[in-house]
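Each remark here refers to the structure printed beneath this line.
Just so you know, all these numbers are worked out from the coordinates, no wet-lab data involved. All figures in this text were calculated on a predicted structure; none of them were measured in a lab. Neighbour counts are summed over all protein chains in view; Cβ atoms, including those assigned to glycine, are modelled from backbone coordinates with ideal geometry.
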Amino acid sequence: MSYLELSGLQKRYRDTVAVDDVSLSVEKGEAVALLGPSGCGKTTTLRMLAGLVDPDRGAIRLDGAEVTRLPAHKRNMGYVFQSYALFPHLSVARNVGFGLEERGVARAEIARRVAEALAMVRLSGLDQRRPRELSGGQQQRVALARSLVIRPSVLLLDESLSNLDAKLRDTMRHEIRSIQRSLGITTLFVTHDQVEALTMCDRIAVMHRGGIAQIGSPEDIYERPATRFVAEFVGRANALPATRDAEGRVVLWGERLPVAAPASGEFDLFVRPQRIRILPISEPVAESMMRVTGKVLRSVFVGDHVEVLVEGADSQIQVELQSGTALPQEGAEVALVWHARDTLPFPRETA
Ligand SMILES: Nc1ncnc2c1ncn2[C@@H]1O[C@H](COP(=O)(O)OP(=O)(O)OP(=O)(O)O)[C@@H](O)[C@H]1O
Ligand SMILES: [Mg+2]
């Protein structure tokens with residue numbers, strides 16, 4: 001059995017099923033991201049874990065013991081809210097020490113552990129400030145320190161970086177990840193930001209409509225998405241309407257491609273923009289490669305890469321090239337080439 005086990009968790013609000021049959025096993029010291037669009041049930045799942053919401057069905061086990069109906073303060077889980085929820089009238093030190101005061105820890109011990117937690121999040125020296133005297137990133141660190149100071153069995157973070165600017169968010173991602181690793185603290189991290197999920201976690205659980213669409217390593221999720229939803233939600237992808245010929249091979253933009261089509265039904269081919277190369281029409285390529293031809297509609301330099309839009313017989317393909325490559329001429333006829341292994345067929349969505 002894993003350190004933390006969620007089995008068959010369900011939560012309904014009147015006619016909304018917020019969380020539907022969520023099962024997940026988390027190993028001790030592991031960081032797992034719950035990734036999904038707004039309203040898919042991430043926060044509800046986290047709140048059930050923390051003991052802030054009662055599940056209608058299912059069970060939560062922590063370190064072998066069932067905690068499903070245990071009140072929040074007996075679970076020893078650290079919860080960092082999206083809004084940080086700091087006490088505005090208390091100093092940084094009192095904010096951080098709050099959970100220890102509640103638990104009746106002795107003063108000297110509180111002072112020692114607060115200092116230790118503040119050092120961990122690099123806020124030493126700011127302990128007498130009020131939250132309003134801190135930047136967003138510093139407030140976020142206080143919220144984190146407040147959760148860490150109780151030495152939680154599990155750390156729960158709900159979109160805790162979403163209020164920060166892009167650069168600070170990036171720094172905080174690495175800092176939280178390194179604190180999480182060095183303390184070996186089991187962490188569930190809720191986000192709708194895929195970069196956050198990909199960079200901060202050992203495994204990702206992609207949530208969709210209250211359920212888990214796929215659980216796997218960041219690489220699994222990105223390279224081998226199990227469903228169309230996952231392929232669309234994580235990373236960018238072209239979804240290209242394709243057909244099949246009499247032998248069951250894929251046909252795209254009027255060209256037969258060297259891969260088998262799904263046995264039945266309408267489907268789209270998914271290809272990531274950065275897996276496609278642009279070659280002159282005349283350049284020969286191996287028979288095993290996917291190759292279609294089209295016209296460059298647009299070519300834009302975006303700093304760290306070049307975005308090219310190519311129009312073919314019945315759709316358009318986005319290509320992302322490394323910057324440093326020459327901008328393909330708008331209007332030029334070009335060949336788009338990629339590996340069969342970078343092609344994923346998914347059933348067409350009819351809705
Ligand atoms: N207290 C509540 N009463 C009624 N419906 C609720 C309640 N809490 C959540 N819901 C509904 O349950 C669903 C899941 O909500 P949840 O907050 O878990 O989503 P989320 O994945 O965290 O979304 P976001 O990314 O926007 O924070 C939503 O449809 C939401 O409207
Ligand atoms: Mg939420």
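Projecting label points 7 angstrom from Cα along Cα→Cβ for Arg209 and Ile281 puts them 4.4 nm apart.
When both the stretch 1-70 and the stretch 159-223 are represented by their alpha-carbon centers, they are found 17 Å apart.
Amide hydrogen proximity for Arg244: with H placed 1.01 Å from N in the peptide plane, the residues at 5 or more positions away or on another chain lying under 5 Å are Val251.
Candidate cross-link partners of Lys42 among the lysines, defined by an alpha-carbon separation under 20 Å and a same-chain spacing of 8 or more, comprise Lys11. For the chain, DSSP calls about 75 percent of its internal beta bridges antiparallel. Spin-label pair Leu327-Glu223: with each label point 7 Å from Cα along the Cα-Cβ axis, the two points sit 3.4 nm from one another.
Take every pair of alpha-carbon atoms less than 8 Å apart whose residues are at least six positions apart; their mean separation over the length of the stretch 152-265 yields a relative contact order of 15 percent. Highest mean packing comes first when the peptides 333-345, 64-76, 317-329 are listed by Cβ atoms within 10 Å, giving 333-345, 317-329, 64-76. Derived scalar couplings between HN and Hα for the stretch 143-149 equal 4, 5, 4, 4, 7, 6, 5 Hz in order, rounded to whole Hz, by the Karplus curve 6.51 cos²θ - 1.76 cosθ + 1.60 (θ = phi - 60°), x for Gly and Pro.
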